[in-house]
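Colleague: Handing you a structure now.
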Amino acid sequence: MTDAASGPAIKVARLTKTFRGHRALDAVSFEIGRGEMVALIGASGSGKSTLMRHLSGLIACDRNDGGAIRVLGGSVQQNGRIARDIRSRRARIGVVFQQFNLVGRLSVITNVLTGTLGTLPLWRVITGRFRRVDQLRALAALDRVGIAEWAHRRASTLSGGQQQRAAIARALVQQAEVIMADEPIASLDPESAKRVMDTLARINAEDGTTVVVSLHQVDYALKYCPRVIALAKGRLIYDGPSAALTTDLLASLYGTEVEDIGLPDRPAAPQPLGAEPAALRALAAS
Ligand SMILES: Nc1ncnc2c1ncn2[C@@H]1O[C@H](COP(=O)(O)OP(=O)(O)OP(=O)(O)O)[C@@H](O)[C@H]1O
């Protein structure tokens, strides 16, 4: 079988990004298998959003470092250049961002129907004349995320959590094979945050959709994602089972922010895979 059909969902190799002399990502490499649900965690400024934007091809990594990202077997970017056929790749990636998810003045269902952009002629989207079959698909997706009753409201009238679920419904209509969610619960109350995470987890479990979600709140990462990738100062410092993350490692990771991140009670042992707390402390202090 080809890599496109059977390889990893996401492959990141030696990704480095420098903003005006500041290294936001430093030789980050990892792979995510199809059907995984993975949390990307790290303190504020550790590089989570920068990495997510690279994964969806919104920004390009540094040139001449050999950095590369492949999604579903096709190139997203390589060596500082976004792939020419990025649109066809994006059609298979659903994105759920903290803000700017929806066009506020359009109805919820129209926003969700933009998920069909890859398969519909542009004039249908511009004129809002969607086929009944597509409208029914959009309604079914909204029903699945629990907000069908809001379908004909202006998107701007939805709460933050409902807007995130509408963005997930758009990914469903899009039949996205990978969902990338960048801090989708950052500004939500606990009940709304739980609903959004439940929705992502259900789609991952039921459809086998690969989900990568960046989270500030560690307790949600541990609860919903079997695997965690942790960044500190742009470097990957942990990649392994969330069950193996210890209090020590989390405390090293978050330093003085530790009180804000919903740190759950964790055993002090066993040691995490692939990272020593002492090494992390040294990194945090550097
Ligand atoms: N467009 C940019 N121009 C300059 N510096 C940037 C830019 N985007 C990000 N950075 C810097 O890169 C580093 C990583 O930022 P990033 O937003 O990825 O962190 P984060 O882990 O997502 O943080 P938070 O949890 O606060 O959202 C930070 O030092 C940030 O200031």
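The values are calculated or read from the model by the stated rules, or taken from the named source; none is laboratory data. Predicted, not measured: the structure shown is a model, and the values here were computed from it. Note: ideal-geometry Cβ built from the backbone for every residue, glycine included; neighbour counts use all protein chains shown. Quick note on the areas: whole protein, heavy atoms, side chains included, nothing else; ligands and nucleic acids left out. Shrake-Rupley method; radii C 1.70, N 1.55, O 1.52, S 1.80 Å.
Colleague: Among residues other than Thr16 whose Cβ falls under 11 Å from its Cβ, what is the net charge (Lys/Arg +1, Asp/Glu -1)? Before the final figure, lay out each step's value.
Modeller: Working: positive: Arg14, Lys17, Arg23, Arg63, Arg235; negative: Asp26, Asp62, Asp65.
In short, +2.
Colleague: If you don't mind, another one. Pop out the ³J(HN,Hα) list for segment 237-251 in order, Karplus 6.51 cos²θ - 1.76 cosθ + 1.60 with θ = phi - 60°, rounded to Hz; leave Gly and Pro as x.
Modeller: 10, 7, 8, x, x, 5, 5, 8, 6, 9, 4, 4, 5, 5, 5
Colleague: Across segment 144-153, in residue order, what do the Karplus-derived ³J(HN,Hα) couplings come to in whole Hz, using 6.51 cos²θ - 1.76 cosθ + 1.60 with θ = phi - 60° and x for Gly and Pro?
Modeller: 5, 8, x, 9, 4, 5, 9, 3, 9, 7
Colleague: If you take every residue apart from Arg235 with its C-beta less than 13 Å away from the C-beta of Arg235, what net charge results, scoring Lys and Arg +1 and Asp and Glu -1? Intermediate values should be presented prior to the final figure.
Modeller: Values: positive: Arg14, Lys17, Arg23, Lys48, Lys233; negative: Asp26, Asp239.
That sum, taken over residues with Cβ under 13 Å, equals +3.
Colleague: Is the shape of segment 1-107 best called rounded, prolate or oblate, per the rule: a/c under 1.5 gives rounded, else a/b larger than b/c gives prolate, else oblate, with a ≥ b ≥ c the square roots of the Cα gyration tensor eigenvalues? Walk me through the numbers on the way to the answer.
Modeller: Details: a/c = 1.41, a/b = 1.02, b/c = 1.39.
Judged from the Cα gyration tensor, segment 1-107 comes out rounded (a/c under 1.5).
Colleague: Under 5 Å between amide H atoms, partner at least 5 residues away or on a different chain: which partners does Ile179 have, H built in plane at 1.01 Å?
Modeller: Under 5 Å from the amide H of Ile179: Gly94, Thr210, Val211, Val212.
Colleague: How big is the accessible area of Arg81 in square angstrom, nearest 10, if you roll a 1.4 angstrom probe over the protein chains?
Modeller: Around 140 Å² of this residue is reachable by solvent.
Colleague: Using alpha carbons only, how many angstrom separate the centre of segment 238-253 from the centre of segment 141-182?
Modeller: Each part reduced to its Cα centre gives a spacing of 32 Å.
Colleague: Further, regarding this structure: Amide H to amide H under 5 Å from Ala27: which residues, 5+ apart in sequence or cross-chain, H placed 1.01 Å off N in plane?
Modeller: Leu15, Thr16, Lys17
Colleague: Please give the FRET efficiency for Ser6 paired with Glu149, using the beta carbon to beta carbon distance and R0 = 35 Å, rounded to the nearest 0.05. Walk me through the numbers before you get to the answer.
Modeller: Numbers: r = 40 Å, r/R0 = 1.16.
It comes to 0.30.
Colleague: Let me ask something else about it. Rolling a 1.4 angstrom probe over the protein heavy atoms, how many square angstrom per residue are accessible across segment 6-147? It would help to have the intermediate numbers written out before the result.
Modeller: Details: 6850 Å² over 142 residues.
Accessible area per residue: 48 Å².
Colleague: Relative contact order for segment 24-102 using alpha-carbon pairs under 8 Å, separation at least 6, rounded to a whole percent?
Modeller: Working: 71 pairs, mean separation 15.6, N = 79.
Reported relative contact order: 20 percent.
Colleague: So, one more: Between beta-carbons, use under 15 Å as the cut-off and find the net charge around Gly104, counting Lys and Arg +1, Asp and Glu -1.
Modeller: +4
Colleague: Something else about it: Sort segment 4-51 into rounded, prolate or oblate with this rule: let a ≥ b ≥ c be the square roots of the eigenvalues of the Cα gyration tensor; rounded if a/c is under 1.5, and if a/c is not under 1.5, prolate when a/b is larger than b/c, oblate otherwise.
Modeller: Oblate.
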